[in-house]
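The values are calculated or read from the model by the stated rules, or taken from the named source; none is laboratory data. Because the structure is predicted, anything quoted here is derived from the model rather than measured. Note that each Cβ is placed from the backbone with ideal geometry, even for glycine, and that neighbours are counted across all protein chains shown.
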Amino acid sequence: MNRVITANSVRFIMLILVQVLICNHINFLGYINPYIYILFLILFPVKNNRMLFIFLAFTLGLSVDMFLDSGGIHAAASVAVAYIRPVVLKFSFGTIYEYQNLKFDVVDFGSKLIYIVFLTIIHHFILFYLEIFSISKIILILEKTLFSSIFTILLCILFTIIFSRKTK
């Protein structure tokens, strides 16, 4: 149990640091940034307390908001993802999730990809909608959501491949 807490604490801090020190300065094509910090929300253990998870999602988003001076949009998007995650888990993994024996290292790649894609798109849509906050600019919101999601998904998959434990 202590090992899980330590690993998640290190992941929490490292992803915030990578986000604010590296990813926020990319600005590919002027507006496309990866939001790698959502990897914490994606990889957080399924069996843990849901209220704790929502609180940690809020803290994660608020930490990024403090560094970016973005007024709480990352916190709102992170809490929304934390809240909707059980539905996405059930959709992506089915009965494995229902029996609470889901381990991200051993599930098939297709299910993991669907899970990462859905959570990333939901997060980014909420984030950019709150950032722009104008339904008349829905095309811009969708454009930013699409391109930033692609960038984030690629990095999330790369990070999960690089840092996954090999089980034999």
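Which one is nearest to residue 55 (Cα to Cα) among residues in the range 1-42 that are touching a residue at least 60 places away in the same chain (Cβ under 8 Å) and of a type in the set (Phe, Trp, Tyr)? Restricting to residues being touching a residue at least 60 places away in the same chain (Cβ under 8 Å) and of a type in the set (Phe, Trp, Tyr), the top hit is 35. The number of residues in the range 44-84 being more than 21 Å from residue 21 (Cα to Cα) and surrounded by 16 or more Cβ atoms within 10 Å (Cβ to Cβ) comes to 9. The set of residues in the range 69-96 that are more than 19 Å from residue 120 (Cα to Cα) and either at pLDDT 95 or above or in a helix (DSSP H, G or I) (or both) comprises 95, 96. Can you tell me which residue is nearest to residue 88 (Cα to Cα) among those in the range 1-43 that are in a loop (DSSP other than H, G, I, E, B) and polar (S, T, N, Q)? Restricting to residues being in a loop (DSSP other than H, G, I, E, B) and polar (S, T, N, Q), the top hit is 33.
Of all residue pairs spaced 6 or more apart or on separate chains, those with beta-carbon atoms under 6 Å, a first member in the range 85-96 that is buried (at least 19 other Cβ atoms within 10 Å of the Cβ) and a second member that is not in a helix (DSSP H, G or I) are 93/102. Look at the range 125-150: where a residue is more than 18 Å from residue 36 (Cα to Cα) and a partner is small (Gly, Ala, Ser) and modelled with pLDDT of 95 or more, sitting 6+ places away or on another chain with Cβ atoms under 8 Å, you get 130/76; 130/77. In the range 111-123, the count of residues that are among the hydroxyl-bearing types (Ser, Thr, Tyr), at pLDDT 90 or above, loosely packed, with under 15 Cβ neighbours inside 10 Å and under 30 Å from residue 29 (Cβ atoms) is zero. For residues in the range 1-38 being of a type in the set (S, T, N, Q), in contact with a helix residue (DSSP H, G or I) (Cβ under 9 Å, 6 or more places away or on another chain) and within 21 Å of residue 69 (Cβ to Cβ), which is modelled with the lowest pLDDT? The extreme case among them is 24. If you go through the range 135-166 and pick out every residue that is touching a helix residue (DSSP H, G or I) at 6+ places or on another chain (Cβ under 8 Å) and more than 20 Å from residue 81 (Cβ to Cβ), you end up with 1.
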